[in-house]
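Enquirer: One structure is given below, represented as structure tokens, and several questions about it will come after.
FYI, it's all coordinate maths here, none of it is from the lab. This structure is a prediction, so every number in the text was calculated from the model and none was measured. Please note: Cβ atoms are built from the backbone with ideal geometry, for glycine as well, and neighbour counts cover all protein chains shown.
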Ligand code: SAM
Ligand code: SF4
């Protein structure tokens, strides 16, 4: 008998990537294995994102394209999960006859029963119930075999911060944290399956455990640091208002904690920050940056900026550009403000014109460009420890130009520095399954070229070409 196939289209942030993994874990006991081809799937799940209007439109347009598949195979189950499902609920079923199931952000643990019910009765189901606290069975810790080197672990769900532009508290519910023991168990299983790097996920990891009286986030990091075989720890996201001295100190004391922090500032204007309900000032943000650099001078700092928030003036934009020049971020994600249902800013006056928002986005991106390149250029001539993520199959024009004539497609590798910068390098091909041998190892790379979004380097100290034959490696 043919095994049952599950196709998941994951949209949006890392939390959705983790949730899709949870969906796979929950459906595996029913005999479902994943496929990359929607045409051969028995269940298609669209794990949606509602953070901006564009993301939501993308989900609906993908669902629209599934209609012919459903017409061809009426037994196919189409499910919509994630933040749009939570936000829209029953409205999705009314609008899209091809959809069988709408399940919210807290309904994943109930999926096996829901799918069984739909298979048996061909009913249509909406499950968008939300709880204020976590139940013992909310997260599955049964980690399947995986070839991932780097993986995510959600340590808390929801958010209590209510930034006025943001839909997250409305679609992911109240903040609640998982017990540390459960998180450590899951990480240990991941490491046993070959994971070398974990990224701990939460909307505001700094308030981890506070409500439930669990340990502090820096204490959780200490426990994760003790997991044998794990090489690197990352986390996201850290809210500037709650960045503690203990967490800053952890960057100086925990050897596995990567020297990178994503610290979204959103705006450089105090007036806008207040209207966004961010609860910190620009000066406090800059102070935090200075303290972090005091602990670890080379720490990489990245951030998020929203342009065109209602009422943002030219002066406010100038304040943001000035902050970017002042902080010199390693990288920046800039977004055009988008009205979201349920988020208070949807009712704010003085909305900014779309073309003006686009111009402001461009101003922010051009301002940042030089700093991203400068930070990369500063690494030329240094030796970086790179955790190899895989064997590149394609080579971009940028990389090809940088590698000059020594590049042969098929022997190019990619990985990341602790500061989260992508590094490409070539290594002599080995006949003995080199991908399996080099992926997951930490290799010392002499950085030779800096490009706007990546680095190019040369492996040193180990004859990398012989790694595939079992020679000495730099793996931890
Ligand atoms: N919890 C994280 C924090 O506080 O930084 C952010 C989570 S959100 C998934 C990621 C980013 O999306 C935010 O930092 C913000 O810059 C952006 N964002 C959120 N709502 C937005 C909106 N309505 N319009 C545009 N960008 C938005
Ligand atoms: Fe949204 Fe603010 Fe919560 Fe981040 S902290 S998820 S931006 S409400």
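Enquirer: Quick one: Debye curve from the alpha-carbon atoms of the chain only, equal weights, vacuum; give me log10 I(q)/I(0) at q = 0.07, 0.11, 0.12 Å⁻¹ to two decimals.
Expert: Here log10 of I(q) over I(0) equals -0.40, -1.04, -1.23.
Enquirer: Remind me, relative contact order of the chain in percent, using alpha carbon pairs under 8 angstrom and six or more residues apart?
Expert: Worked out over the chain, it gives 9 percent.
Enquirer: Full extension from residue 71 to residue 339: what is 0.36 nm times the residue separation minus their Cα-Cα distance, to one decimal in nm?
Expert: Here the segment from residue 71 to residue 339 would lengthen by 93.0 nm.
Enquirer: Take residue 277 and residue 255, extend 7 Å from each Cα along the Cα→Cβ direction, and tell me the distance between the two endpoints in nm.
Expert: 4.4
Enquirer: By how many nm would the segment from residue 137 to residue 57 grow when fully extended, if each residue of separation counts as 0.36 nm and the alpha-carbon distance is taken off?
Expert: Separation in residues times 0.36 nm, less the Cα-Cα distance, equals 25.6 nm.
Enquirer: Would you give the gap between the C-alpha center of region 193-208 and the C-alpha center of region 68-123, rounded to a whole Å?
Expert: Distance between centres, Cα-based: 29 Å.
Enquirer: Can you compute the label reach from residue 3? Point 7 Å from Cα along the Cβ direction, backbone N cut-off under 18 Å, restricted to region 68-84.
Expert: Answer for region 68-84: none.
Enquirer: How compact is region 1-122 by the rule of thumb for globular proteins, expressed as Cα Rg over 2.2 N^0.38 Å?
Expert: 0.97
Enquirer: Related question: In whole Å, what is the distance between the alpha-carbon centres of region 314-344 and region 27-63?
Expert: Using only Cα atoms, the two centres lie 31 Å from each other.
Enquirer: State the extension gain, in nm to one decimal, for the chain segment bounded by residue 359 and residue 124, taking 0.36 nm per residue of separation less the distance between their alpha-carbons.
Expert: Full extension of this stretch gives 80.1 nm more.
Enquirer: Report the convex hull volume per residue for region 263-389, counting only C-alpha atoms, in Å³.
Expert: It comes to 137 Å³ per residue, whole-number rounded.
Enquirer: Once Rh is set to the Kirkwood radius over Cα pairs, what Stokes-Einstein translational diffusion coefficient, in µm²/s, holds for region 39-183 at a temperature of 20 °C and a viscosity of 1.002 mPa s?
Expert: Translational diffusion coefficient: 129 µm²/s.
Enquirer: Arranged from highest to lowest average of other beta-carbon atoms within 10 Å per residue, in what order do the peptides 220-226, 412-418 appear?
Expert: 412-418, 220-226
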